[in-house]
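Following: one structure in structure tokens, then a few remarks.
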Amino acid sequence: MNKILFITNRLPFPGTDGRKNMLLQYVRHMKEIYPGSEIVNLSFVDDPKYLSQRPPEIGRLATLEPPGKLEKLYNIVVHSLIRRKWPLQVSVYYSRKTHRKIRDFVREEEPDFVLYDMVRVAEYLAPGQGRKVLSYDDLLSLRYRRQLDWFQYIPSVLGGFSDKLPSGLKKFADLKFVQKWLIAFESKMLGKYEKQVASRFDHLIFTSPAEAQNFRKTTRHESCHGVPMKVEPDFRMQARGSRLYDKNKVVFVGKMDIPHNSSAAVYFCERVWARIKQSNPAAVFYIVGKNPTAEVLRLQRDHPGVIVTGEVDDVKRIVGDSALMIAPLLFGTGIKTKILEAMSWGVPVVTNAIGSEGLDANNGEDLFVCESEDEMVRSVLLLMGDSEINDSISGNSIRYVSRRFSGSATRKNMELILS
């Protein structure tokens, strides 16, 4: 294989959040499997400051231009609202000029393999001989449907995606009753679109093998695979037998303008944290992640012991010495990278059914999966107060990640797709 084209809706570097880590993994797996190939990245730019941090595995980078305000508005009105053809996120990413640029590039460069990142760039499909792959990440339509059940905890149902809307429409979309309608509309449109575009691609990728299997049954697509996040366990923790940690420190990690992260932090502070703080007055809760919303920032003012850090240079350093990581996710889909990373560092995780979705880890041995707020309070206090149980969960979590999410385990399906 001589040339691989990677079309992304954001720069696939640096590893500042779960999705970027996943995109970097794709790049590195492809380069490991075909060391002599050239990887070319055509990408929309989420933040220009990252451009200088292009990893060596990417041979060339060309930036893509999003549609202008008028074209976005036209796409939304015509293709989303009238024709009911595209989900909103496809409309706000699609530019005819950019599509011509991609088609010209594919025609001139003749890549052997073209990987498209998420359904929002699926309309940029270009004709050519190379195999075409669509990475869904996870089923966004399902994630949006689940949001409706926890609407009161969501500062903005559209999260950072709302910044892509035209300014006038963004103000309108900030109204709560409009948001609820929008998320229901987008979920329905995405559900139809996710199935519709599947047949256009040779291979489909999900981060969760279980989600890939379900989608394969739904669409009858012959090549639908789960490529989970590769996580390298910290065996030094296991070798020491007992890690050093702050028994009063609880952390939550995530990009904090994404609805499933911001809502989890708000919910935990409002419904659970006060009870933990009452039992352990020295407890401190760190909310770690870039772009905290106004609602998240207010948590440290309204709830004693809460610290919102914003973006940090070294997430592992902040999380690694914690008694535990909490992941009280109200909605979401796929495998949660933040949970696997914490487990790989030997940090015990307390989560719920949504957080553990896609994992076959043993409850009470590898992590704690709670069915109620009472159970969550008990699990957090147990890990803060009992060092023997904390050490046991820590060691088990490292071994679990090593068995299921090592480099060889996550690379095998990418090898199958590229072979």
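Overview of results
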item: Qualifying positions in the stretch 3-21 - farther than 22 Å from L125 by Cα, assigned to a loop (DSSP other than H, G, I, E, B) and either open to solvent by 10 Å² or more (accessible area, probe 1.4 Å) or without any contact (Cβ under 8 Å) to a residue 40 or more places away in the chain (or both); result: P14, G15, T16, D17
item: Verdict on V133 being touching an Asp or Glu at 6+ places or on another chain (Cβ under 8 Å), over 26 Å from P259 (Cα atoms) and either part of a strand (DSSP E or B) or at pLDDT 70 or above (or both); result: yes
item: Flag for I393 being more than 27 Å from H29 (Cα to Cα), modelled with pLDDT of 95 or more and open to solvent by 40 Å² or more (accessible area, probe 1.4 Å); result: no
item: Cross-chain or 6+ apart pairs with Cβ under 9 Å, the stretch 382-404 first and β-branched (V, I, T), then in a helix (DSSP H, G or I) and open to solvent by 10 Å² or more (accessible area, probe 1.4 Å); result: I389/L382; I398/F235; I398/M237; I398/Q238; V401/E341
item: Single unsatisfied condition, T351 versus (1) out of contact with any strand residue (DSSP E or B) (no Cβ under 8 Å at 6 or more places or on another chain); (2) free of Cβ contacts under 8 Å to residues at least 60 places away in the same chain; (3) surrounded by 16 or more Cβ atoms within 10 Å (Cβ to Cβ); (4) not hydrophobic (A, V, I, L, M, F, W, C); result: (1)
item: Unique match (being part of a strand (DSSP E or B) and touching a strand residue (DSSP E or B) at 6+ places or on another chain (Cβ under 9 Å)) among V121, V106, V114; result: V114
item: Filter pass, D360 being touching a Lys or Arg at 6+ places or on another chain (Cβ under 8 Å), charged (D, E, K, R) and either without any contact (Cβ under 8 Å) to a residue 12 or more places away in the chain or part of a helix (DSSP H, G or I) (or both); result: no
item: Exclusive hit being assigned to a helix (DSSP H, G or I) and surrounded by 23 or more Cβ atoms within 10 Å (Cβ to Cβ), set I339, I335; result: I339
item: Residue match in the stretch 289-301 (condition: in contact with a strand residue (DSSP E or B) (Cβ under 7 Å, 6 or more places away or on another chain) and either among the hydroxyl-bearing types (S, T, Y) or open to solvent by 60 Å² or more (accessible area, probe 1.4 Å) (or both)); result: yes
item: Any hit, the stretch 99-110, residues being under 21 Å from I417 (Cβ atoms) and crowded, with 23+ Cβ neighbours inside 10 Å; result: no
item: Given (1) open to solvent by less than 50 Å² (accessible area, probe 1.4 Å); (2) assigned to a helix (DSSP H, G or I); (3) out of contact with any Phe, Trp or Tyr (no Cβ under 6 Å at 6 or more places or on another chain); (4) at pLDDT 90 or above, index of the condition S402 fails; result: (4)
item: Single unsatisfied condition, D246 versus (1) charged (D, E, K, R); (2) out of contact with any helix residue (DSSP H, G or I) (no Cβ under 9 Å at 6 or more places or on another chain); (3) surrounded by 21 or more Cβ atoms within 10 Å (Cβ to Cβ); result: (3)
item: Meets criteria (in contact (Cβ under 8 Å) with a residue 24 or more places away in the chain, buried (at least 22 other Cβ atoms within 10 Å of the Cβ) and not in a helix (DSSP H, G or I)) for L329; result: yes
item: In the stretch 22-80, the residues that are touching a Gly at 6+ places or on another chain (Cβ under 9 Å), in a strand (DSSP E or B) and of a type in the set (D, E, K, R); result: E38
item: One residue from K316, K412 being open to solvent by 30 Å² or more (accessible area, probe 1.4 Å) and either closer than 30 Å to H203 by Cβ or aliphatic (A, V, I, L, M) (or both); result: K412
item: Residues that are open to solvent by 60 Å² or more (accessible area, probe 1.4 Å) and either in a helix (DSSP H, G or I) or touching a residue at least 40 places away in the same chain (Cβ under 8 Å) (or both), drawn from the stretch 186-220; result: K188, K192, K195, Q196, R200, D202, P209, Q213, N214, R216, K217, T218
item: Test: residue in the stretch 81-98 that is in a helix (DSSP H, G or I), in contact with a strand residue (DSSP E or B) (Cβ under 9 Å, 6 or more places away or on another chain) and either modelled with pLDDT of 95 or more or among the polar types (S, T, N, Q) (or both); result: yes
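The values are calculated or read from the model by the stated rules, or taken from the named source; none is laboratory data. As the structure is a prediction and not an experimental result, all values here were calculated from the model. Virtual Cβ from ideal backbone geometry, glycine too; neighbours counted across all protein chains shown. For the accessible areas, the whole protein counts, side chains as well, though only heavy atoms, and no ligand, DNA or RNA atoms are used. Shrake-Rupley method; radii C 1.70, N 1.55, O 1.52, S 1.80 Å.
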